[in-house]
1. Which ³J(HN,Hα) values in Hz, rounded to whole numbers, follow from the phi angles of the range 85-97 under the Karplus curve 6.51 cos²θ - 1.76 cosθ + 1.60, where θ = phi - 60° and Gly and Pro get x?
2. GNM on the chain, C-alpha springs below 10 Å: top fluctuator among Ala20, Ala118, Ala80?
3. Taking 0.36 nm per intervening residue step and subtracting the Cα-Cα distance, what contour gain separates Ser51 from Leu89 on full extension?
4. Residue separation times 0.36 nm, minus the C-alpha to C-alpha distance between Ala108 and Leu69: what's the value?
5. At 1.4 Å probe size, with every protein chain present, just tell me what the per residue accessible area of the chain comes to in Å².
6. Please report, as a whole percent, how much of the solvent-accessible surface of the chain comes from carbon and sulfur atoms (probe radius 1.4 Å).
7. Under 16 Å from a label point 7 Å along Cα→Cβ of Leu150: give me every residue in the range 105-124 with its amide N that close.
8. Assuming 0.36 nm per residue, please report the length gained on full extension of the stretch Ala123 to Leu35 beyond their Cα-Cα distance.
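The values are calculated or read from the model by the stated rules, or taken from the named source; none is laboratory data. Everything quoted here is computed from the prediction, not taken from an experiment. No Cβ is skipped: glycine too gets one built from the backbone with ideal geometry, and neighbour counts run over all protein chains shown. Protein only, heavy atoms only, side chains kept; ligands, DNA and RNA dropped before computing areas. Shrake-Rupley method; radii C 1.70, N 1.55, O 1.52, S 1.80 Å.
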Amino acid sequence: MLTPKIDALPDVPRWAAVAAHAVPLAVLPSGLWRLALVAGLPVTQDAGDGSMGLGESVYVVSLSVVSELLAFLTLGLVRAWGEVFPRRLPFLGGRRVNSAAATGAALAGAAGLCALAAWGFYAAYAGLGPGVPASPAQDALLLACYAPLLAWPPLLAAVAVAYHRRRAVRRR
């Protein structure tokens, strides 16, 4: 059986490369749901009534873009640009990435994502916020689009630990 090639450094464990590539895919459905909301598609009962202003629309689109860009940074933990900054970057190009800083940032990000998830569960349970008026089908779509986000923190943490171990072995 042929296994698909995943772009990663040769000393990266296959599981870590797969996990790193899974992160942007896990973040994508929630971003698409938010873009559908901004576009006025019927993802909520009041989606098409024009209740979302320009500023709110820009915020929601920006949130989707920034989330996906942050998710793509996970790939740096398994690719060459996560060990040496690309030459095209001003001031940093060609320099080695500090592995402790990269690992620390990734683990801090995973902890922050866990905190956001915990707050989201608490807020939903406590009935905080306005809620999203929706039909059962719209609720199911929302759940299907946001549930994959729960994989982001553990995947990021696992890939960060693998990155740290790989770089620490190389230093010895």
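1. 4, x, 4, 6, 7, x, 6, 9, x, x, 7, 6, 6
2. Comparing Ala20, Ala118, Ala80 in a Gaussian network model of the chain, the most mobile one is Ala118.
3. Numbers: separation 38, 0.36 × 38 = 13.68 nm, distance 4.11 nm.
Fully extending the segment from Ser51 to Leu89 adds 9.6 nm.
4. Numbers: separation 39, 0.36 × 39 = 14.04 nm, distance 1.64 nm.
Stretched out fully, the Ala108 to Leu69 stretch lengthens by 12.4 nm.
5. Details: 10610 Å² over 172 residues.
In whole numbers, the chain has 62 Å² accessible per residue.
6. Values: 7570 of 10610 Å².
Here it works out to 71 percent.
7. Hits in the range 105-124 for Leu150 at 16 Å: 113-124.
8. Details: separation 88, 0.36 × 88 = 31.68 nm, distance 2.28 nm.
Stretched fully, the Ala123-Leu35 segment lengthens by 29.4 nm.
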